[in-house]
Amino acid sequence: MTYPDDCIQNLSNNWWIDHPEKNLVRGALIKAFIPHVDHRPYSFEPIGRTNATDHSGADIVIKPLSVGQKFKASSLPVAAMTKPDSEIWAAYRAKRRYCLVIGNANPVDIDKKLTQGKPNHSTSPTVLVSPYYGASKKDSRAGYSEAFVERVKHCEYPQFQWDHLPIKNGESSILRLDHTQAIGAHSMSYEFTGYKLSDEALEILDDHFSWLVYGGAPENSLLHDFRSLIEETIT
């Protein structure tokens, strides 16, 4: 893959490499359903049944969800919607996106004796991923302005990183490090693409993520050198 001269990917001999192994290593490129975390979610509550004797379905009401909202425990039994009284049903808009695996999906094994008799979700494994968003405008998306993409390409923002994904018909994309989130580390949560970042690319990504979390690109890093070079070139 050929990258333009003014992007940090050119500092690596190989940014993307083949990854035929089906394991969730750091830097793996996968597909996963990612919610629009910046949108307000909705709650949905069962309020009645079309058929009074059918416990498998119900009429529901959907309302915008607020963190300060009070909910009453439902006395309407619905087989498909059982939950503890302290929980609610929430719905988010989501889209299947390309994602970068940020965290290792192989944590230290937990002694089963320590979790015996407890809910599986309390300790079930997850993996941290960051989603990519298409940069160009299409009928189904607004995309980003060319001026903004250019600034992201020059690493002006800690929360964004520009890239050109190695997939078929790949296009200009923006990695949202500030949308990093956990997904389930089970096969129903993701799909492999067969690619991952090289070790050189991972080193740069780690510096970029450190910049977002701690502030400031680490000194003596390729990211720091690239940003300094871009500033000198532009000015």
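The values are calculated or read from the model by the stated rules, or taken from the named source; none is laboratory data. Note that the coordinates shown come from a computational prediction; the quantities given were computed from them, not determined experimentally. For neighbour counting, all protein chains shown are included, and Cβ atoms are generated from backbone atoms with ideal geometry for every residue, glycine included. Remember, those area values only see protein heavy atoms, side chains included, never the ligands or the DNA or RNA. Shrake-Rupley method; radii C 1.70, N 1.55, O 1.52, S 1.80 Å.
With a 10 Å cut-off between alpha carbons and a GNM built on the chain, which of S198, S66, S43 moves the most?
Its mean-square fluctuation being the largest, the pick is S66.
Name the residue farthest towards the positive end of the dipole of the chain from the options N169, T233, I8, assuming +1 on Cβ of Lys and Arg, -1 on Cβ of Asp and Glu, about the Cα centre.
Towards the positive end, the residue furthest out is N169.
For the chain, what is the relative contact order in percent, using Cα pairs closer than 8 Å and at least 6 residues apart in sequence?
On the way: 381 pairs, mean separation 62.1, N = 235.
Contact order relative to length: 26 percent.
Exactly which trypsin sites (Lys or Arg not before Pro) in the stretch 141-214 are in a DSSP loop and have at most 11 other Cβ atoms within 10 Å?
Answer by residue number: K168.
How large, in percent, is the carbon and sulfur part of the accessible surface of the stretch 161-214 at a probe radius of 1.4 Å?
In the stretch 161-214, the share of accessible area belonging to carbon and sulfur is 47 percent.
Rounded if a/c is under 1.5, else prolate if a/b beats b/c, else oblate: with a ≥ b ≥ c from the C-alpha gyration tensor eigenvalues square-rooted, which is the stretch 102-211?
Working: a/c = 2.45, a/b = 2.03, b/c = 1.21.
It comes out prolate by the Cα gyration axes.
Tell me whether the stretch 1-43 comes out rounded, prolate or oblate; compute the Cα gyration tensor, take square roots of the eigenvalues as a ≥ b ≥ c, and use a/c under 1.5 as the rounded threshold.
The shape class here is oblate.
For I88 and I110 in the same chain, what is the full-extension length gain: residue separation times 0.36 nm, less their Cα-Cα distance, in nm? Could the numbers behind the result be given before it?
Details: separation 22, 0.36 × 22 = 7.92 nm, distance 2.89 nm.
5.0 nm is the gain from fully extending I88 to I110.
Work out the FRET efficiency for D5 and S189 from their Cβ-Cβ distance, taking R0 = 41 Å, and round it to the nearest 0.05.
So the FRET efficiency works out to roughly 0.65.
For every helix of n ≥ 4 consecutive DSSP H residues, a contribution of -39,500 (n - 2.57) applies; sum these over the chain, divide by its total residues, and give [θ] at 222 nm rounded to the nearest 500 deg cm²/dmol.
Helix contribution divided over all residues of the chain: -5000 deg cm²/dmol.
Say R0 is 25 Å: what FRET efficiency, to the nearest 0.05, do S140 and V61 get from their beta-carbon distance?
0.30
Averaged per residue, what accessible area in Å² does the chain show with a 1.4 Å probe, protein chains only? The partial results should precede the final answer.
Working: 14830 Å² over 235 residues.
About 63 Å² of surface per residue is accessible.
For the stretch 93-185, which chymotrypsin sites (Phe, Trp or Tyr not before Pro) are both in a DSSP coil and crowded by at most 13 other Cβ atoms within 10 Å?
Numbers: sites: Y98, Y132, Y133, Y144, F148, F160, W162; in loops: Y144.
Of the chymotrypsin sites (Phe, Trp or Tyr not before Pro), not one in the loops of the stretch 93-185 has a Cβ with at most 13 other Cβ atoms within 10 Å.
Sequence neighbours fewer than 8 away in the same chain don't count; with that in mind, list the aspartates and glutamates whose C-alpha is under 16 Å from K196.
Partners found: D18, E21, D163, D206.
Students often get this wrong, so try it: which of (i) 1.43; (ii) 1.04; (iii) 1.25 is Cα Rg over 2.2 N^0.38 Å as calculated from the structure shown?
Looking at Cα Rg over 2.2 N^0.38 Å for this model, the match is (iii).
Rolling a 1.4 angstrom probe over the protein chains, ignoring ligands and nucleic acids, what is the accessible area of D111 in square angstrom, nearest 10?
The accessible area of D111 comes to roughly 80 Å².
Report, in debye and to the nearest 20, how large the dipole of the stretch 161-227 comes out about its Cα centre when Lys and Arg carry +1 and Asp and Glu carry -1 on their Cβ.
Using only the charged Cβ atoms, the result is roughly 280 debye.
Would you give the gap between the C-alpha center of the stretch 186-230 and the C-alpha center of the stretch 1-16, rounded to a whole Å?
13
Which is farthest toward the positive dipole end of the chain among Y42, Y98, V127, measuring Cα position about the Cα centre, with Cβ charges +1 (Lys, Arg) and -1 (Asp, Glu)?
Comparing the listed Cα positions along the dipole, Y42 ranks first.
Test of understanding: given the chain, find the longest segment containing no GluC sites (Glu not before Pro) that are in a DSSP loop and have at most 16 other Cβ atoms within 10 Å.
Result, exposed sites excluded: 88-155.
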